[in-house]
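Q: My structure is below; once you've seen it, I'll send some questions.
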Amino acid sequence: MSSTRRPPASDDRTRGVAGVGERRWPVALAVVVAIIMTFLLPASVRLGPAWIVPLIEGFLLGALVIGDPGRIDRRSKVLRGLSIGLVSVLLVTSLSFTEQLISDLITGGPATNSAGVLLRAGAGVWVANNIAFALLYWELDSGGSAARVHSELRRPDLAFPQQLSPGLGWDHWRPQFIDYLYLGFTNATAFSPTDVMPLVPWAKLTMMVQSLLSLAILGLVIARAVNVLA
């Protein structure tokens, strides 16, 4: 008796189709959320005028959307450079927020005197960090989204369960941004790999750094907030 394999869900039908890239909007939405977080943070956590960095991030995002709209499938050194530039700006910005917040928590600052303001600042920095690291994983794994579409690199830098267990029926499955976003948030809450395994040094070091930053933010913010409330 021959067995029939159940077709994948409608959202996953294009994941294994050669030349068909993932949709741009989830990445764009994540960048927009990171930009909004910049304006929601207390002024003491931000460095410089609030509009400068979001303007740069918005310009880079707009250039990417114009250069490769709809689905991410165009191989271009210029677009690749713009994408890496956008991720770099987001990452440096979130790390600067983290450094300033931790400095205020240790030495004292305006954002640490109110439990409400402190929790808002901590949550904003934590979310911004997770988005930035998710984009970093997404951009670097196997050469980036466009390279994964065209299977330019056969061995991944990050191994997802669908890749480790092809017998589950996920043949030719490719990770998309939502998978890396899940990786970033679980790594920031569990402080260790959950179901995605880092296979190369850069992935292991990056996940280690993200876990340490998340532990520092959550630990210091919660401890200070409890102290203020008490």
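The values are calculated or read from the model by the stated rules, or taken from the named source; none is laboratory data. Nothing here was measured: the structure is a model prediction, and the numbers come from that model. A quick note on method: Cβ atoms are made from the backbone with ideal geometry, for glycine too, and the neighbour counts reach across all protein chains shown.
Q: Inside the stretch 73-171, counting only helices (runs of 4 or more DSSP H) that do not spill past its ends, which hold 2 or more residues that are over 25 Å from LEU205 (Cα atoms), modelled with pLDDT under 85 and over 16 Å from the mean Cα position of the chain (by Cα)?
A: Passing ranges, in order: 77-107, 115-140.
Q: How about the stretch 191-209: which of its residues are closer than 29 Å to THR107 by Cα and surrounded by 18 or more Cβ atoms within 10 Å (Cβ to Cβ)?
A: Passing the criteria: THR206, MET207.
Q: Further, regarding this structure: Take VAL78 and decide whether it is surrounded by fewer than 14 Cβ atoms within 10 Å (Cβ to Cβ) and more than 30 Å from ARG224 (Cβ to Cβ).
A: yes
Q: Within the stretch 51-72, how many residues are among the charged types (D, E, K, R) and in a helix (DSSP H, G or I)?
A: 1
Q: Please work out if LEU64 is buried (at least 19 other Cβ atoms within 10 Å of the Cβ) and under 30 Å from ILE222 (Cα atoms).
A: Here the answer is no, as LEU64 does not meet what is asked.
Q: Just need a number here: residues in the stretch 174-230 that are among the polar types (S, T, N, Q) and in contact with a helix residue (DSSP H, G or I) (Cβ under 7 Å, 6 or more places away or on another chain).
A: 7
One line per residue, one yes/no per condition, for (1) touching a Phe, Trp or Tyr at 6+ places or on another chain (Cβ under 6 Å); (2) closer than 19 Å to VAL27 by Cβ; (3) in contact (Cβ under 8 Å) with a residue 24 or more places away in the chain:
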site: LEU140; (1), (2), (3): no, yes, yes
site: GLY144; (1), (2), (3): no, yes, yes
site: PHE191; (1), (2), (3): no, no, yes
site: PRO201; (1), (2), (3): no, no, no
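Q: Which numbered condition trips up LYS204, out of (1) of a type in the set (D, E, K, R); (2) in contact with a Ser or Thr (Cβ under 9 Å, 6 or more places away or on another chain); (3) modelled with pLDDT of 80 or more?
A: Looking at each condition in turn, LYS204 falls short on (2).
Q: Does the stretch 173-190 contain at least one residue that is over 30 Å from PHE39 (Cα atoms), more than 16 Å from the chain's Cα centre (by Cα) and surrounded by fewer than 16 Cβ atoms within 10 Å (Cβ to Cβ)?
A: The answer is no; no qualifying residue exists.
Q: Given VAL87, VAL92, which one is farther than 25 Å from GLY116 by Cβ, free of Cβ contacts under 8 Å to residues at least 12 places away in the same chain and either in contact with a Leu (Cβ under 6 Å, 6 or more places away or on another chain) or not hydroxyl-bearing (Ser, Thr, Tyr) (or both)?
A: It is VAL92.
Q: Residues being at positive phi and either free of Cβ contacts under 8 Å to residues at least 12 places away in the same chain or within 17 Å of the chain's Cα centre (by Cα) (or both): count how many of those fall in the stretch 46-72.
A: Total meeting the criteria: 1.
Q: Scanning for something part of a helix (DSSP H, G or I) and at pLDDT below 80, does the stretch 11-26 turn up at least one residue?
A: Yes, the stretch 11-26 contains at least one residue that is part of a helix (DSSP H, G or I) and at pLDDT below 80.
Q: On to the next question. Between LEU212, LEU218, which is of a type in the set (A, V, I, L, M, F, W, C) and loosely packed, with under 14 Cβ neighbours inside 10 Å?
A: None of the others qualify; the one that does is LEU212.
Q: Going through ARG148, ARG224, ARG154 one at a time, which residue ends up being surrounded by fewer than 16 Cβ atoms within 10 Å (Cβ to Cβ) and of a type in the set (Lys, Arg)?
A: Criteria check complete, one pass: ARG154.
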